[in-house]
2 protein chains.
Amino acid sequence: MTARTSAESTRDIPEATVARLPVYLRALTTLSESGTITCSSEDLAQAAGVNSAKLRKDLSYLGSYGTRGVGYDVDYLRYQIAREIGVTQDWPVVIVGIGNLGHALANYSGFRSRGFRVVALLDADPTRHDEVVAGIDVRPFDDLEQIVRENGVAIGVIATPAIAAQDVADRMVACGISSILNFAATVLSVPAGVDVRKVDLSIELQILAYHEQRKAQVEPA
Amino acid sequence: MTARTSAESTRDIPEATVARLPVYLRALTTLSESGTITCSSEDLAQAAGVNSAKLRKDLSYLGSYGTRGVGYDVDYLRYQIAREIGVTQDWPVVIVGIGNLGHALANYSGFRSRGFRVVALLDADPTRHDEVVAGIDVRPFDDLEQIVRENGVAIGVIATPAIAAQDVADRMVACGISSILNFAATVLSVPAGVDVRKVDLSIELQILAYHEQRKAQVEPA
DNA sequence: CTCGTTTTGTTCTCGCGTTCACAAACTCCT
DNA sequence: AGGAGTTTGTGAACGCGAGAACAAAACGAG
C-alpha cells in the first residue's frame with residue numbers, strides 16, 4: 001500500500017456511505033457540544049442510529065482516524081468528515097419557488113449552520129417580488145443567470161409547483177448549476193454530469209401507509 | 001403455483017419496490033389525465049424515470065396486470081397500485097410543530113389528493129393556539145391522545161425543533177401511532193413495530209455538496 | 001388457421017452493501 | 001516489562017437489488 005495524498009484519499013466512497021456521513025457529522029457535533037472528547041464506534045453508532053460494524057467500515061473509507069483500544073477523537077473526526085463532505089467550505093445556493101415550502105426552506109437554519117448560504121430567492125410570480133423572506137428579497141426568476149454567475153452558485157433548490165419544475169431545471173443547467181435538490185413532485189430529466197436529488201413528501205407518507213396497511217392486515221384488531 | 005387470494009398476494013414486496021410504487025402511481029395519474037388509455041412498460045418507465053426491466057419486475061410483485069403484446073391499462077394499473085399502497089383508503093394524519101415547515105406541510109395539497117387527511121395541527125407553544133392554518137386551528141400538544149383516539153390516527157408527522165422531537169415521538173407511540181414521518185434533524189428511537197421515515201433537508205444538500213466537491217476536484221477549471 | 005410482431009413476466013448473473021468475526025494495535029495495571 | 005482488556009480496521013460470507021436476456025402470450029395480417 002503506497003502513501004496517498006489527501007486529495008487521492010477521497011476516492012471511491014460508496015454512495016450508501018456518503019449518505020450516512022452527514023448523519024455521523026451531526027451526531028459528532030451533538031457529542032462535541034455535550035463536552036465529549038472521545039467516543040467509541042459503539043457510542044457514535046448508537047447516536048447515529050446504525051450498528052457499529054457499519055459505522056467502522058464507513059469511516060474506514062475516509063482513512064484511519066481512530067485509535068485502537070481508545071476510540072475516536074470527537075472534534076478531529078468531525079473535522080475529517082466535514083472536510084470529506086465539503087462542508088468546511090461555503091456553498092452558495094439559490095432557491096426557486098417561494099411558496100409555503102420555499103418560505104420554510106429560506107428560513108431553515110440548518111442550511112446556514114452547515115455551510116450553505118442562500119444567496120437568492122427567485123420566483124416567476126411578479127406579485128412576490130416586493131416580499132422579503134428571511135432577510136433576503138425575492139427577485140424575478142429571470143435574474144437567475146446573473147446571480148449564478150456573480151456568486152458562483154453550483155447548487156439549486158427547486159420548490160416550485162410540479163408543472164414548472166422541468167423548465168426551472170433546464171434554466172438552472174443552462175446557467176451552469178450542476179447539483180439540484182428537487183422538492184417538486186415530478187421526475188426531472190437533466191444531462192449527464194448534473195446531480196439531482198429528489199425529496200417528495202407525499203411519497204414518504206405513501207410508503208408509511210403501505211406498511212401501516214400491512215400491519216392492519218396481519219393483526220386485525 | 002396455487003391460486004392466491006388478493007389478501008395473500010400482498011406478500012413480500014421488496015422495500016426498494018415499495019419506494020418506487022408511489023412514483024409509478026403519479027406517472028400513471030399524469031398519463032391518465034392526458035387521456036392515455038394504455039401504455040407499455042417502456043412508456044411508463046420513461047415517465048417514472050426508471051428503466052423498463054426494473055419497472056416490469058416491480059409490477060410483477062403485485063401480480064400480472066399487463067397484457068403481453070399490448071401493455072398496461074392505465075386506469076386499471078393505477079387502481080391496483082393505489083390499492084396495494086393503501087391510498088384508496090383515507091389516512092388521518094396529525095402534524096406536530098407548526099413552524100415554517102409545519103405551515104408548509106399543512107398547506108401541501110399533495111397530501112389530501114393522495115388520501116391523507118390532516119385531522120389536527122398541534123404545537124406546544126400556547127401563543128400559536130389561536131392561529132388557523134390551512135383551515136385547521138392549531139391545538140395544544142396535550143390534546144394529542146384525544147385526537148388520535150377519536151380519529152383513529154395511525155400516522156404522525158413531526159416538524160418540531162430537533163430538541164423536542166424525541167419527546168413528541170414518545171408521546172405519539174404511547175397514543176398508539178405506529179408510523180412517524182420525522183422532519184426534525186435527529187435520530188429517533190422507537191420500539192419495534194413502529195415505522196419511522198426521516199426527511200432531512202440539510203443531509204440532502206450535504207450529499208450534493210460532496211459530489212459537487214468531487215467534480216471540482218477532478219476538473220479544476 | 002398460421003406466422004410474424006410486439007410486449008410482458010421471469011430467470012439468471014453480477015455487483016453493491018451489510019454483517020460477522022477476528023487479527024492488529026493501543027492502554028492500563030501490576 | 002508483560003499480560004489482560006479494549007477497540008479499531010478489515011477480510012470474508014451473505015443477501016438484496018439491478019439489469020440483461022429470453023421464453024411465453026397476445027394481437028394482427030394474410
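The values are calculated or read from the model by the stated rules, or taken from the named source; none is laboratory data. Just so it is clear, the structure is predicted and the values come from calculations on it, not from any experiment. All Cβ positions, glycine included, derive from the backbone under ideal geometry; neighbour counts span all protein chains shown.
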*B:A185 is checked against (1) part of a helix (DSSP H, G or I); (2) within 14 Å of another protein chain (Cβ to nearest Cβ) and fails just one. What number does that condition carry?*
(1)
*Please give the number of the condition A:D73 fails out of (1) away from DNA strand D (no atom under 12 Å from the Cβ); (2) not assigned by TED's automatic domain parsing to the domain that holds A:L121.*
(1)
*May I ask you to list the residues in the stretch B:137-160 that are surrounded by fewer than 18 Cβ atoms within 10 Å (Cβ to Cβ) and within 21 Å of the chain's Cα centre (by Cα)?*
B:N151, B:G152
*Counting just the residues of the stretch A:59-83 that are touching a residue at least 12 places away in the same chain (Cβ under 8 Å) and among the β-branched types (V, I, T), which one comes out surrounded by the fewest Cβ atoms within 10 Å (Cβ to Cβ)?*
A:V70
*Report whether or not A:P161 is farther than 28 Å from B:T186 by Cβ and out of contact with any strand residue (DSSP E or B) (no Cβ under 9 Å at 6 or more places or on another chain).*
yes
*Of all residues in the stretch B:39-53 being more than 9 Å from DNA strand C (Cβ to nearest atom) and surrounded by 15 or more Cβ atoms within 10 Å (Cβ to Cβ), which is nearest to the other protein chains (Cβ to nearest Cβ)?*
B:G49
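Report whether or not A:Q217 is crowded, with 21+ Cβ neighbours inside 10 Å and assigned to a helix (DSSP H, G or I).
The answer is no for A:Q217.
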*Among the residues of the stretch A:70-91, is there at least one that is within 14 Å of chain B (Cβ to nearest Cβ), modelled with pLDDT of 95 or more and within 12 Å of DNA strand C (Cβ to nearest atom)?*
no
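Within the stretch B:24-38, count every residue that is more than 15 Å from DNA strand D (Cβ to nearest atom) and either in contact with a strand residue (DSSP E or B) (Cβ under 8 Å, 6 or more places away or on another chain) or not β-branched (V, I, T) (or both).
Adding up the residues that qualify gives 9.
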*What is the one condition in (1) over 24 Å from B:L101 (Cβ atoms); (2) touching a Pro at 6+ places or on another chain (Cβ under 7 Å) that A:R171 does not satisfy?*
(2)
*Out of B:A134, B:A120, B:A104, B:A124, which single residue is assigned by TED's automatic domain parsing to the domain that holds B:S178, in contact (Cβ under 8 Å) with a residue 40 or more places away in the chain and of a type outside the set (V, I, T)?*
B:A124
_Whether any residue in the stretch B:200-212 is outside any helix (DSSP H, G or I), charged (D, E, K, R) and more than 8 Å from every other protein chain (Cβ to nearest Cβ) is what I want to check._
no
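Does A:G99 qualify as being within 16 Å of DNA strand D (Cβ to nearest atom), surrounded by fewer than 21 Cβ atoms within 10 Å (Cβ to Cβ) and in contact (Cβ under 8 Å) with a residue 12 or more places away in the chain? Write out each step before concluding.
Numbers: within 16 Å of DNA strand D (Cβ to nearest atom): no; surrounded by fewer than 21 Cβ atoms within 10 Å (Cβ to Cβ): yes; in contact (Cβ under 8 Å) with a residue 12 or more places away in the chain: yes.
Judged against the criteria, A:G99 is not a match.
Quick one: in the stretch B:54-68, of everything that is among the hydroxyl-bearing types (S, T, Y) and out of contact with any helix residue (DSSP H, G or I) (no Cβ under 7 Å at 6 or more places or on another chain), which residue is farthest from DNA strand C (Cβ to nearest atom)?
It comes out as B:T67.
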*Could you say whether any residue in the stretch B:112-134 is at pLDDT below 95, in a helix (DSSP H, G or I), on the phi < 0 side of the Ramachandran plot and not aliphatic (A, V, I, L, M)?*
yes
